[in-house]
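Everything below concerns the one structure shown next.
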Protein chains: 2
Amino acid sequence: MSTVTIKDVAARAGVSPKTVSRVINGEDHVRPEIREAVQRVVAELNYRPNAFARSLSSSRSYLLGLFIDDPVSGYAADVQHGALLRCRERSYHLVVEPVELNRPDWKDHVRASIASLRLDGAIIAPPICDAAELIDLFRESDVPHVLIAPSGESPDSGAVRMDDRGAAREMTAYLIGLGHRHIGLVQGPLSHSASARREEGFRAAMAEAGIAVDEDAVLRGDFSFRSGLERGEALLDRTDRPSAVFACNDDMALGVLITAMKLGIAVPQSLSVAGFDDSASSRAAWPQITTIRQPKAEMAAAAVDILVDPSFRKKSAGPQSRLMLPHALVVRGSTGAA
Amino acid sequence: MSTVTIKDVAARAGVSPKTVSRVINGEDHVRPEIREAVQRVVAELNYRPNAFARSLSSSRSYLLGLFIDDPVSGYAADVQHGALLRCRERSYHLVVEPVELNRPDWKDHVRASIASLRLDGAIIAPPICDAAELIDLFRESDVPHVLIAPSGESPDSGAVRMDDRGAAREMTAYLIGLGHRHIGLVQGPLSHSASARREEGFRAAMAEAGIAVDEDAVLRGDFSFRSGLERGEALLDRTDRPSAVFACNDDMALGVLITAMKLGIAVPQSLSVAGFDDSASSRAAWPQITTIRQPKAEMAAAAVDILVDPSFRKKSAGPQSRLMLPHALVVRGSTGAA
DNA sequence: CTGAAAGCGCTTACAG
DNA sequence: CTGAAAGCGCTTACAG
């Protein structure tokens, strides 16, 4: 495949390279017939602009970075996929950059990505969306960036989130509506700010119903399946066990469900189990787990849209760069009347 | 962050840009004291070469592409992670490109990636590693590429695989060793060449033990959890059900396990269930599923190594670009004596 | 509406 | 061992 350049196209179309450039970038000020002629030659020659030449001469790289703590999780996969598809629609490419905050050299890696890749923008996934030191790196370098589900506001950052608190409150209210009064909570890890918001929602719903929270039935997990197993055992292997358990993500809910199974507790007849995320693990169970549908892929796609938007790139964070996406309560087999 | 260029470094170090270039690329023919001086300035100025300028002037992009059918699967996540970490060690970046062979424009997307990104190499995951039309695209463009777990040999392609047939045979022999004689098989989809190899291994082990395969207990799934549920029901909801089921991946094995649960069949007391992959779903079950550990991340990392190796880049496929990585039988709770 | 000139920040030959 | 020149393939001002 001999490389076709903009000059080849220009020569064949009988115009200057600049005109070809205008056409392929969809700029104005080109006569329609010339535009068409150029487009025809582009198609004939199967011309593709060299992304590096373009990036070197312009200030844009057409590259977005996805910075993520644990690229292997199911959560990461959904986020990445949403971002990937939208990038493709927008003719951007996505580079995934793992960030391990517990490694001493993490800043070097991030700086290297920013400097050598000249990223046009960055998407920062939880929980590192709350790492001020990380955000500062992007701010210092003037790299537009959007945070996924951050805890607070950051002046120069875009943000896409869902109503974690409201969703957890709905779930809790739903369980209360089923007649449950003694509800256990498996919290998420402190490192994830969503954990606190979900717990707040739980407590709000309990308070609204006038039900006292059994603090002995509030246990902290780390969002892993294993921690769900362990907390589930602590919660269920006792005489005054709760009639329902709300785990702050699906992996932990699955752990609780499986613990119930081991202990011979029938779900949902003797125990209701609820999760959060609508991840694959909520469906790969029996009964399937009642959960909150979190719009992960949509959030990532929205982040891409914000980054690609010229107005965000120019003047940073306006209201249209602060989005809240809708969630949904998904009732399945793991919950039932008390 | 004012951009530091090679000229800035050169000026400050009192040498020419070319010398700086030699130092940062680790080339020979630089006096040690000059090398050190340059390195000191690089560190002081926090200089990072502009990847685009480098790529434009050289023929290398330091970019590897991971071409994958379904980037959301757990399999994809493991492969990607393995490739990502190794890329980082080698100072390469990874671009993930979804390829949907059932969309008419898939070739355009691949061509566009190859042409505009000037990929230094491509990793092609299953099942599309067996799509000849796709491989041809890379061959035509002279893009070095490594196939993960392909069915056959391709003259210009590197390949990293595991012994699917041997592993399936081991698993089957293990089940036979437990006393099982009536063993059901849930095959993988025809689109994945690994399915056929695993089935071969199953049949080889049965033949070696002199046991006839019950063809009514050989059903085809599509590697999805759902298909495991369905085939599980077809296999187990009858009087002459097998005493063991070998599903050709873990997602399907989990489906079979859950079906057993629904039907009130005790695992492993009344039924043994075995999977393949050692994916997260094999552990997120109770009992945990006996499976074959597939070195997914290692295979991807090895693919990166092959692509980065100058000898592969120059003269393509030698024997060191054809690897077979070891697997392991992982015995867990889902299998027991017949 | 169109184009000639200059330059983005590197590396590739080529000298010395 | 070191450097001056030219060029990679585009786009950015700037003219006209």
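Quick note: the coordinates plus some simple rules give every number you see, no bench work behind them. Since this is a predicted model, take the numbers as computed values, not measurements. Here the Cβ is made from the backbone with ideal geometry for all residues, glycine too, and neighbour counts use every protein chain on show.
Compute the Kirkwood hydrodynamic radius of region B:6-49, taking the inverse of the mean of 1/r over all pairs of distinct Cα atoms, and give it in Å to one decimal.
9.9 Å
Just to verify a number: FRET efficiency for B:Leu190 and A:Glu89, C-beta to C-beta distance, R0 = 30 Å, to 0.05?
0.45
Taking chain A as a Gaussian network, where each spring joins two C-alpha atoms under 10 Å apart, which residue of A:Glu89, A:Glu97, A:Glu27 fluctuates the most?
A:Glu27
First obtain the Kirkwood hydrodynamic radius of the protein assembly as shown from its Cα pairs, then insert it into the Stokes-Einstein equation at 10 °C and 1.306 mPa s, and state the resulting D in µm² per second as a whole number.
Translational D for this selection: 58 µm²/s.
Just need the relative contact order of region A:193-292 here, percent rounded to a whole number, with Cα pairs under 8 Å and 6+ apart.
22 percent
Show the residues, 5+ positions off or on another chain, whose built amide H is closer than 5 Å to the amide H of A:Arg322.
Placed amide hydrogens put A:Ala159 under 5 Å from A:Arg322.
Of A:Glu298, A:Glu133, B:Glu199, how do they rank once you tally other Cβ atoms within 10 Å and put the fewest first?
The fewest-first ordering by Cβ neighbours comes to A:Glu133, A:Glu298, B:Glu199.
For chain A, what is the calculated [θ] at 222 nm in deg cm²/dmol (nearest 500), taking -39500 (n - 2.57) for each run of four or more DSSP H residues and dividing by its residue count?
-13500 deg cm²/dmol
Give me the log10 of I(q) over I(0) for region B:197-329 at q = 0.12, 0.13, 0.19, 0.20 Å⁻¹, as the Debye formula computes it from C-alpha points; what are the numbers?
Values, matching the q order: -0.56, -0.63, -1.04, -1.12.
Hey, what do the phi angles of region A:13-19 turn into as Karplus ³J(HN,Hα) couplings, whole Hz, using 6.51/-1.76/1.60 and θ = phi - 60°, x for Gly and Pro?
Ordered by residue, 3J(HN,Hα) equals 8, x, 10, 8, x, 4, 5 Hz.
Would you list B:Tyr62, B:Tyr75 from fewest to most Cβ contacts within 10 Å?
B:Tyr62, B:Tyr75
What list do you get for A:Thr335, A:Thr3 if you sort them by fewest beta carbons within 10 Å?
Final ranking by Cβ density, sparse to dense: A:Thr3, A:Thr335.
In peptide B:108-121, what is the residue-averaged number of other protein chain Cβ atoms found within 10 Å of each Cβ?
Per residue, the average neighbour count from other chains is 4.
With r as the distance between the Cβ atoms of B:Ala204 and A:Arg40 and R0 = 56 Å, compute the FRET efficiency 1/(1 + (r/R0)^6) and round to 0.05.
That pair, A:Arg40 with B:Ala204, gives E of 0.45.
For region B:6-49, what's the relative contact order in percent, using C-alpha pairs closer than 8 Å and at least 6 residues apart?
Reported relative contact order: 42 percent.
How many nanometers, to one decimal and shortest first, lie between the label point of B:Leu45 and those of its other copies, if labels sit 7 Å from Cα toward Cβ?
3.6
Need one value for B:283-290: mean number of C-beta atoms belonging to other chains within 10 Å of its residues' C-beta atoms.
Averaged over the peptide's residues, the number is 4.
At q = 0.10, 0.20 Å⁻¹, work out log10 I(q)/I(0) for region B:71-215 with the Debye formula, treating every Cα as an identical point scatterer and leaving solvent out; two decimals please.
Debye intensities relative to I(0), on a log10 scale: -0.45, -1.21.
Is there a simple number for the mean count of other chain Cβ atoms within 10 Å of the Cβ of residues in B:11-20, and what is it?
0
Taking only Cα atoms, what is the 0 to 90° angle, nearest 10, from helix A:225-236's long axis to the longest principal axis of chain A?
That works out to roughly 20 degrees.
Where the Cα atoms of region A:1-135 are projected onto their three principal axes, how long is each span, largest first, in whole Å?
Extents along the principal axes, in whole Å: 58, 32, 27.
What are the extents of the Cα atoms of chain B along their three principal axes, in Å, largest first?
On the principal axes, chain B reaches 85, 38, 35 Å in Cα extent.
Report, to one decimal in Å, the Kirkwood hydrodynamic radius for region B:166-209 based on all distinct Cα pairs.
Kirkwood radius, region B:166-209: 10.5 Å.
Within region A:16-48, what residues put their amide N at less than 14 Å from the label point 7 Å along the Cα-to-Cβ vector of B:Arg111?
Within reach of a label on B:Arg111: A:40-48.
Pairs A:Lys7/A:Lys107; A:Lys107/B:Lys107; A:Lys296/B:Lys107; B:Lys18/B:Lys107; B:Lys18/B:Lys296; A:Lys18/A:Lys296: which exceed 31 Å Cα-Cα?
A:Lys7/A:Lys107; A:Lys107/B:Lys107; B:Lys18/B:Lys107; B:Lys18/B:Lys296; A:Lys18/A:Lys296
Given points 7 Å out from each Cα along the Cα-Cβ axis, report the A:Glu233 to A:Ala132 separation in nanometres with one decimal.
3.9 nm
Relative to the longest principal axis of the C-alpha atoms of chain A, give the angle of the C-alpha long axis of helix A:74-89, reported between 0 and 90° and rounded to the nearest 10°.
Roughly 30 degrees between the two axes.
Pop a pseudo-label 7 angstrom from the Cα along the beta-carbon direction at both A:Glu140 and B:Arg139 and give the gap in nm to one decimal.
Output for this residue pair reads 5.0 nm.
Helix A:106-117 versus the longest principal axis of chain A: what angle, 0 to 90°, nearest 10, using Cα atoms?
30 degrees
To the nearest 0.05, how large is the calculated FRET efficiency for A:Asp214 and A:Ser16 if R₀ is 56 Å and r is the Cβ-Cβ distance?
E between A:Asp214 and A:Ser16, to the nearest 0.05, is 0.15.
May I ask you to report, in nm to one decimal and beginning with the shortest, the distances from B:Gln320 to the same position in the other copies, taking label points 7 Å along Cα-to-Cβ?
In ascending order, 5.5 nm.
Quote the relative contact order of chain B in percent (integer), defining contacts as alpha-carbon pairs under 8 Å separated by 6+ residues.
Averaging sequence separation for qualifying contacts and normalising by length gives 16 percent for chain B.
Dipole of region A:6-49, Cα-centred, from +1 at each Lys and Arg C-beta and -1 at each Asp and Glu C-beta, to the nearest 20 debye?
Charge dipole, region A:6-49, about its Cα centre: 120 debye, nearest 20.
Just to check I understand the Karplus step: with θ = phi - 60° and J = 6.51 cos²θ - 1.76 cosθ + 1.60, what whole-Hz values come out for region B:158-169, glycine and proline as x?
Per-residue couplings from phi come out as x, 8, 10, 9, 10, 8, 4, 5, x, 5, 5, 5 Hz.
Give me a comma-separated list of calculated 3J(HN,Hα) values for region A:122-136, in order, Karplus coefficients 6.51, -1.76, 1.60 applied at θ = phi - 60°, integers in Hz, x for any Gly or Pro.
Result, rounded to whole Hz: 9, 10, 10, 8, x, x, 6, 4, 9, 8, 4, 4, 5, 4, 4.
List the residues whose amide H sits under 5 Å from the amide H of A:His93, counting only those 5 or more places along or on another chain, with H placed 1.01 Å from N in the peptide plane.
Residues meeting the criterion, in which the H sits 1.01 Å from N, are A:Leu63, A:Leu64.
Long-range amide H contacts for A:His145: which residues qualify at under 5 Å (H placed 1.01 Å from N, peptide plane, sequence gap of 5 or more or a different chain)?
Amide H to amide H, under 5 Å and 5 or more residues apart or across chains, A:His145 pairs with A:Ala122, A:Gly158.
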